[in-house]
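Data block below; observations after.
The values are calculated or read from the model by the stated rules, or taken from the named source; none is laboratory data. Everything numeric here is computed off the predicted structure, so don't read it as measured data. Neighbour counts are summed over all protein chains in view; Cβ atoms, including those assigned to glycine, are modelled from backbone coordinates with ideal geometry. Heavy atoms of the whole protein, side chains included, go into the accessibility calculation; ligands, DNA and RNA do not. Shrake-Rupley method; radii C 1.70, N 1.55, O 1.52, S 1.80 Å.
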Amino acid sequence: MVDRRDFFISFNSVDGAYAEAIDTALRAEGFTTFFHPNDLPPGGNVPAWMEEALLNSNQTLALFSPDYIKDSAIYSFAERYASWWQDARGDERRLIPIVLREIDFKKHLLIAMLSRIDVAGLLPKEAASEVTKKLKAPKEAKSRDAMQIGSHLPKIFRVAYRPNPHFAGRFEDLDSLQKSLRTGNAAITAVAGIGGVGKTTLAAEYCHRFGGHYAGVWWIRAEQESVMLSDIVELGAYLKLEQSGNIEKDTRACLDHLTTLEQSWLLVYDNAPNADTISRWLPAGIVRCIVTSRRGDFDSIAKITRLDQWSIETTADYLLSRTERDDKSGAERLARALGGLPLATEQAAAFLRTRKGITFADYIDDIARLIKTHKPAGAKGDYPDTVYAALVKSLETLGHLEDGETALGILRLCAFLSPDGIDLTLLALVGATEGVPSSFSAAMADKFSRENALASLIAFSLLRQEEGPAGPLLIFHRLLLDVTRDWIGDKQRVLWGGASSKLISNTFPIKFAEEPGRWPICSRLIPHVASLDACAPRTGEAGEALDSVLGCAGIYLKVRGDLEGALSLLERAVALKRITRKSEELILAICLNDLGGVYIDLDRLDDAEVTYREALAIEEKLLDPGSPVLMVTLSNFARLHWSRKDYEEAARLLLRTAEVAKTTYGPESVKYGLRLLNLGAVYDEWGEATNDESRRKIAEQYKSQSAIIVSARNGLRHPMTAQAHKNLAVLKYRRREIEQAITECEKAVAIMFSLGLTESFLTRDYAQHLILFCYEAGENDRAARLARGDISDLIPIIVQIEAEHRAWVAEDPENRSFGPPSPLTDSIS
């Protein structure tokens, strides 16, 4: 497939000197062209090339002369009319006539209606210069770019913002960005500037106007690394790449895949804090990237495009256009007061648009008051005073509207969440959230009141609504949320920040963060966790809600393989619990155990030991020696010794925890079965390390007993049962009992498929083991079928497992269930 280009140059060979001069001048200015002397090799198929080029060009430049329009000029006739019929009314300006020599357009009425560029009488280089000048004129560029918006966008196109119908003042920057990415050598361009200057708006507008040049466009929220990785993994899912469940591994796989494609992609890393945060997660090869940031220290990895404030003239023109006024001198005075910041200018325009009785001078006087007013105590926002004044003016006015207080409540609550997208359905849960005023809860429960409030926010340009994966998304400018947090003052920050933390705490699937089925929910909440961590109150009940959120999110990131992200959240959760949970030391101990597990995963074993010892000291002080809570910490210590290859101490501790589980929960409990499973794994590895057959036999005894217990307690159709069979299969394989290994591993894979967990990384792991075992047994055809996704050999095993599970359910139907419907055998029946 050919890349889309700006212009197709249609000409007669007699006018070749003009055509070549125009092509050279256009390319020098960063435009892309289809020009057959450059693109078509000797012996090439002219009609075929012409058809493809015309379909993939935005506009055709038809070089008119008497030779161009004569009857014998077959190709030029076909070219200009192919373009004309794609846009017969000229709305999209597909065809631009360039008059090289005078002709009578009365004989060509279809073309005569189109505006044209007249360079008759000029030499080739002069004509080329005039044509380029006309095409680069701001009005022409704006018209041409507007024509491209929304057209020919790639199939995979995700940008956080819709096209901006009021985009202005940045056409030169847009042109510079286009040249840098498409015609220069800069694979990465960083757009840098102060808050409110329009960095994100420029990046989004580039995507909509020039997204058709790329095979795909993807927007990545780069402020927090965990959110950034999640967005890239989501792209991998769209590309149908195999997912391992490890977020770092899947991120790298997606980026590597993009570099293998023939056509270039565009990735936007929005609001990156610094170069170090994103440098590891940038693609190579032909992929193009835009990075937006308030910081400009990206020289080591990117070409820098720095955005300055708008000029006074541009700002004034924008104010006049948006407010539909003609007071140019007043607009210029307001432009100076606003400092040329697009965000402040848009706020002023949105306010004045429907308030014709308030002059530019009135508005200047009022924001002067706000600029001079001291910000409330505790204000931390990093933004220009004019941005604060313009936004606060809108907030003050909003509060006097009929549903204004509800609108302000939405802003206060959302001020602590991620500005890049808040699910509207999340706000529906506000009524069940402690801490918010009852009047606000009641208003949010009333659909008309809620929608009126949202409409008011939109009217003031304080909110945009987009469609997200779970319904409408509310998107705010991050500086608006910064200003809102500062404006409401300390007392209101504690109230609404606490409510935001409780809202996310109540929504986060605390007990199910490790289940793949809950990952999409966790993924959508992680950006809010990052925002709460950065700005929510950390004392009292609000702090308790926040430390709970940080802990749960840390466990989720650990499961997804984002160990650094998990470590960051869990360390802060522990630090916060030391403040908020002084009288609840056991809760701190639980979080310390979670943190210690991440330390082990990162091979920071000494840190893990310190953490576990603190947890153990707390529990030994408060709990009986046989406490199940203490048992968890001892199991973690066993894992620590296991990681250090101290198998003897690991086995001793696990045997102790197994006895506690047996006494506390019973010899048929799952908790006892899982301790036996861990014991079996330790003895298995111990036997391999020492080549001791007696330890291998002990391992088999523990694992077999564990499989029986787990299966009896949960039934065959359960992930834990599948894991027990897989572990037993590995043990059999190590003892070179290959056929038995295959039998056990078949059960593990069949159970996962019966449960519909076909996309689980555990299922893929079990299947890979089964394929290996089959190859080892010489069953190459069977292994090949499994490798290509053919599970027909497993169907009888799935049927048998489900029959045995139904029989197990029938023994105690009141307390047992079949579980989720089988996607395989149900369809067969």
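Filter segment 774-788 for residues that are in a helix (DSSP H, G or I) and either among the aliphatic types (A, V, I, L, M) or open to solvent by 70 Å² or more (accessible area, probe 1.4 Å) (or both) and give the result. Working first, answer last.
We begin by selecting, within segment 774-788, every residue in a helix (DSSP H, G or I); these are 774-776, 780-787.
Result: 775, 776, 780, 781, 783, 784, 786, 787.
List, please: which pairs have Cβ atoms under 9 Å, are six or more places apart or on different chains, and start with a residue in segment 241-266 that is under 17 Å from residue 760 (Cα atoms) and in contact (Cβ under 8 Å) with a residue 24 or more places away in the chain and end with one that is open to solvent by 50 Å² or more (accessible area, probe 1.4 Å) and among the aromatic types (Phe, Trp, Tyr)?
Once the first residue is under 17 Å from residue 760 (Cα atoms) and in contact (Cβ under 8 Å) with a residue 24 or more places away in the chain and sits in segment 241-266, its partners that are open to solvent by 50 Å² or more (accessible area, probe 1.4 Å) and among the aromatic types (Phe, Trp, Tyr) give 243/761; 244/761; 245/761; 246/761.
How about segment 465-497: which of its residues are within 25 Å of residue 523 (Cβ to Cβ), modelled with pLDDT under 90 and among the small types (Gly, Ala, Ser)?
Listed by number, the residues that qualify are 468, 470, 471.
For segment 738-768, name all the residues that are aliphatic (A, V, I, L, M), closer than 14 Å to residue 723 by Cβ and open to solvent by less than 20 Å² (accessible area, probe 1.4 Å).
Listed by number, the residues that qualify are 748, 749, 750, 751, 752.
For segment 171-186, which residues satisfy the criterion of being modelled with pLDDT of 75 or more and touching a His at 6+ places or on another chain (Cβ under 9 Å)?
Listed by number, the residues that qualify are 178, 181.
What number of residues in segment 188-218 are closer than 14 Å to residue 291 by Cβ and either at pLDDT below 85 or open to solvent by less than 10 Å² (accessible area, probe 1.4 Å) (or both)?
First, pick out the residues of segment 188-218 that are closer than 14 Å to residue 291 by Cβ: 188-193, 199-200, 202-204, 206-207, 218.
From what's left, either at pLDDT below 85 or open to solvent by less than 10 Å² (accessible area, probe 1.4 Å) (or both): 188-193, 202-204, 206-207, 218.
So the count comes out to 12.
Sort out which residues of segment 19-42 are part of a helix (DSSP H, G or I) and open to solvent by 30 Å² or more (accessible area, probe 1.4 Å), and write them in order of number.
Our first condition is that a residue be part of a helix (DSSP H, G or I); within segment 19-42, this holds for 19-28, 36-39.
20, 24, 27, 28, 36, 37, 38, 39 - these are the residues of segment 19-42 that are part of a helix (DSSP H, G or I) and open to solvent by 30 Å² or more (accessible area, probe 1.4 Å).
Here is a check on your reading of the model: is residue 597 more than 20 Å from the chain's Cα centre (by Cα), open to solvent by less than 10 Å² (accessible area, probe 1.4 Å) and of a type in the set (Gly, Ala, Ser)?
Values: more than 20 Å from the chain's Cα centre (by Cα): yes; open to solvent by less than 10 Å² (accessible area, probe 1.4 Å): yes; of a type in the set (Gly, Ala, Ser): yes.
Against the criterion (more than 20 Å from the chain's Cα centre (by Cα), open to solvent by less than 10 Å² (accessible area, probe 1.4 Å) and of a type in the set (Gly, Ala, Ser)), residue 597 qualifies.
Can you tell me which residue within segment 519-546, out of those that are closer than 17 Å to residue 494 by Cα, among the charged types (D, E, K, R) and modelled with pLDDT under 90, is farthest from the chain's Cα centre (by Cα)?
Among those residues, the one meeting the criterion is 541.
Of all residues in segment 617-649, count the ones that are in a helix (DSSP H, G or I) and either among the charged types (D, E, K, R) or out of contact with any Leu (no Cβ under 8 Å at 6 or more places or on another chain) (or both).
Restricting attention to segment 617-649, the residues satisfying the condition of being in a helix (DSSP H, G or I) are 617-622, 628-643, 647-649.
Now drop any that are not either among the charged types (D, E, K, R) or out of contact with any Leu (no Cβ under 8 Å at 6 or more places or on another chain) (or both), which leaves 617, 619-621, 628, 631-632, 636, 639, 642, 647-649.
Total meeting the criteria: 13.
Residue-wise test of (1) buried (at least 19 other Cβ atoms within 10 Å of the Cβ); (2) part of a strand (DSSP E or B); (3) touching a helix residue (DSSP H, G or I) at 6+ places or on another chain (Cβ under 7 Å); (4) not basic (Lys, Arg).
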residue	(1), (2), (3), (4)
296	no, no, no, yes
301	no, no, yes, yes
304	no, yes, no, yes
310	yes, no, yes, yes
313	no, no, no, yes
316	yes, no, yes, yes
319	yes, no, yes, yes
332	no, no, yes, yes
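Quick one: residue 386 ticks every box in (1) under 30 Å from residue 497 (Cβ atoms); (2) surrounded by fewer than 14 Cβ atoms within 10 Å (Cβ to Cβ); (3) hydroxyl-bearing (Ser, Thr, Tyr) bar one, so which box is it?
Checking residue 386 against (1) under 30 Å from residue 497 (Cβ atoms); (2) surrounded by fewer than 14 Cβ atoms within 10 Å (Cβ to Cβ); (3) hydroxyl-bearing (Ser, Thr, Tyr), the one that fails is (2).
Give all pairs with beta carbons closer than 7 Å in which a residue from segment 395-418 that is farther than 23 Å from residue 546 by Cβ and open to solvent by 10 Å² or more (accessible area, probe 1.4 Å) meets a residue that is in a helix (DSSP H, G or I) and of a type in the set (Asp, Glu); count only pairs at least 6 apart in sequence or on separate chains.
From segment 395-418, the pairs are 399/405.
Results for (1) open to solvent by 20 Å² or more (accessible area, probe 1.4 Å); (2) within 28 Å of residue 578 (Cα to Cα); (3) basic (Lys, Arg), shown as yes or no for each residue.
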| site | (1), (2), (3) |
| --- | --- |
| 619 | no, yes, no |
| 640 | no, yes, no |
| 670 | yes, no, no |
| 697 | yes, no, yes |
| 704 | yes, no, no |
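Have a look at 798, 791, 771 and point out the one that is open to solvent by less than 40 Å² (accessible area, probe 1.4 Å), under 40 Å from the mean Cα position of the chain (by Cα), of a type in the set (A, V, I, L, M) and farther than 23 Å from residue 715 by Cβ.
Working: 798 fails: farther than 23 Å from residue 715 by Cβ; 791 fails: farther than 23 Å from residue 715 by Cβ.
Result: 771 is the single residue among 798, 791, 771 that is open to solvent by less than 40 Å² (accessible area, probe 1.4 Å), under 40 Å from the mean Cα position of the chain (by Cα), of a type in the set (A, V, I, L, M) and farther than 23 Å from residue 715 by Cβ.
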